[in-house]
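Structure first, then comments.
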Amino acid sequence: MATKKEVVTKEKEIPVKEVTKGTNYVTLIVHKQSGDTGSYDVPVGVNGKTWLIKRGLEVRVPDYIEEALRHALQYEMGYDPENHSTPINEVLTYPYSVVG
C-alpha cells in the first residue's frame with residue numbers, strides 16, 4: 001500500500017520589534033496607598049519584560065511603562081445619596097503622578 005507524502009510548509013516568522021528602541025522617557029512617582037500592600041513595589045510587565053517600581057520615589061521609566069500604569073484599572077462601588085444608587089467608579093490600581 002502506497003502512502004502519499006504531504007508537503008508541510010512553515011509560515012514565515014515575523015520577528016517581534018524590540019520595545020525599548022526609540023522610546024521616550026518620563027519621570028513619575030507611584031504613590032503609597034493605605035492597606036497591607038500599599039507600600040510594596042509595583043510590578044509592571046510589558047512584552048515579557050517586568051519592571052519593579054519603587055513607591056514614593058521619583059523614577060525615570062520609558063513612556064510605555066506609564067501607559068501600562070494608566071491602563072491598570074480597578075472598579076469600586078460608590079454610593080450616590082441623591083439617587084440611592086451604587087455607581088461603579090473606575091480608579092487607577094496604582095495611583096501615580098508624572099513629574100516631568
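Approximating the spin labels as points 7 Å out from Cα along Cα→Cβ, the Thr86-to-Tyr40 distance works out to 2.6 nm.
Gain on full extension, evaluated as 0.36 nm per residue between Met77 and Arg60 minus their Cα-Cα distance, stands at 2.8 nm. Applying the Kirkwood pairwise sum to the alpha-carbon positions of the stretch 25-98 produces a hydrodynamic radius of 13.7 angstrom.
Each value in this text was obtained by applying a stated rule to the coordinates, not by laboratory testing. Just so it is clear, the structure is predicted and the values come from calculations on it, not from any experiment. Cβ coordinates were reconstructed from backbone atoms using ideal geometry, including for glycine residues, and neighbour counts include every protein chain displayed.
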